[in-house]
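Shown next, in structure tokens, is the structure this report addresses.
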Amino acid sequence: MNWEEIGTYFAAICLFVGAFFALVGSFGLLKLNDSMTRLHAPTKVGTMGIGMLLLASMVYSFVQGQGSFHELLIMAFLFVTAPISANFISKVNIHRRSCDAPPVVPDSEEWSTLVQREEDQVAQPADH
């Protein structure tokens, strides 16, 4: 067995793993109940699923002698942006109170998303 065959089999395995994560993530997106639990499924697809598909593309291009590092840039962009967008979506759900309340915070600590200091509160004008 030569390196070309090994690389082709490795790319095929990466394709199957990536497709499996994409399939499971799409079912999770459709079947989970609320937006906070539903948010978990696409983030796994964005990291593991797409990452494995891009790895398969990169390995196969090197096996064919046309190496490409564009996939690394795409992976880096996805791995940086997916957690940030998931964090923003979850903060919006917390602020809209459209999900279960977060656990009670001990007196010595604060939640960064729900803290509103007294000096930041603006007095609301009285309605006449």
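Can you tell me which residues in segment 50-94 are more than 23 Å from Ala19 (Cα to Cα) and touching a Phe, Trp or Tyr at 6+ places or on another chain (Cβ under 9 Å)?
Ile94
Taking the condition assigned to a helix (DSSP H, G or I), crowded, with 16+ Cβ neighbours inside 10 Å and at pLDDT 90 or above, does Met58 pass? Write out each step before concluding.
Values: assigned to a helix (DSSP H, G or I): yes; crowded, with 16+ Cβ neighbours inside 10 Å: yes; at pLDDT 90 or above: yes.
So Met58 passes the test.
Might you let me know whether segment 28-41 holds any residue that is on the phi < 0 side of the Ramachandran plot, open to solvent by 50 Å² or more (accessible area, probe 1.4 Å) and touching a Pro at 6+ places or on another chain (Cβ under 8 Å)?
Yes, there is a match, as at least one residue in segment 28-41 is on the phi < 0 side of the Ramachandran plot, open to solvent by 50 Å² or more (accessible area, probe 1.4 Å) and touching a Pro at 6+ places or on another chain (Cβ under 8 Å).
Output the number of residues of segment 73-82 satisfying the condition of being in contact with a helix residue (DSSP H, G or I) (Cβ under 7 Å, 6 or more places away or on another chain) and open to solvent by 70 Å² or more (accessible area, probe 1.4 Å).
The total comes to 2.
Would you call Gly18 surrounded by 15 or more Cβ atoms within 10 Å (Cβ to Cβ) and more than 12 Å from the chain's Cα centre (by Cα)?
yes
Restricting to segment 4-50, name every residue that is of a type in the set (S, T, N, Q) and under 25 Å from Val92 (Cβ atoms).
Those that are of a type in the set (S, T, N, Q) and under 25 Å from Val92 (Cβ atoms): Ser26, Asn33, Ser35, Thr37, Thr43, Thr47.
Cβ contacts < 8 Å: first residue small (Gly, Ala, Ser), restricted to segment 35-61; second residue not in a helix (DSSP H, G or I), any location; separation 6+ or different chain. Result?
Final answer for the pair search is Ser35/Ser98; Ser35/Cys99; Ala41/Leu32; Ser57/Ser68; Ser61/Gly67; Ser61/Ser68.
The values are calculated or read from the model by the stated rules, or taken from the named source; none is laboratory data. Just so it is clear, the model here is predicted, and its values are computed rather than measured. Every residue, glycine as well, gets a Cβ built from its backbone with ideal geometry; the counts of neighbours run over all protein chains shown. Heavy atoms of the whole protein, side chains included, go into the accessibility calculation; ligands, DNA and RNA do not. Shrake-Rupley method; radii C 1.70, N 1.55, O 1.52, S 1.80 Å.
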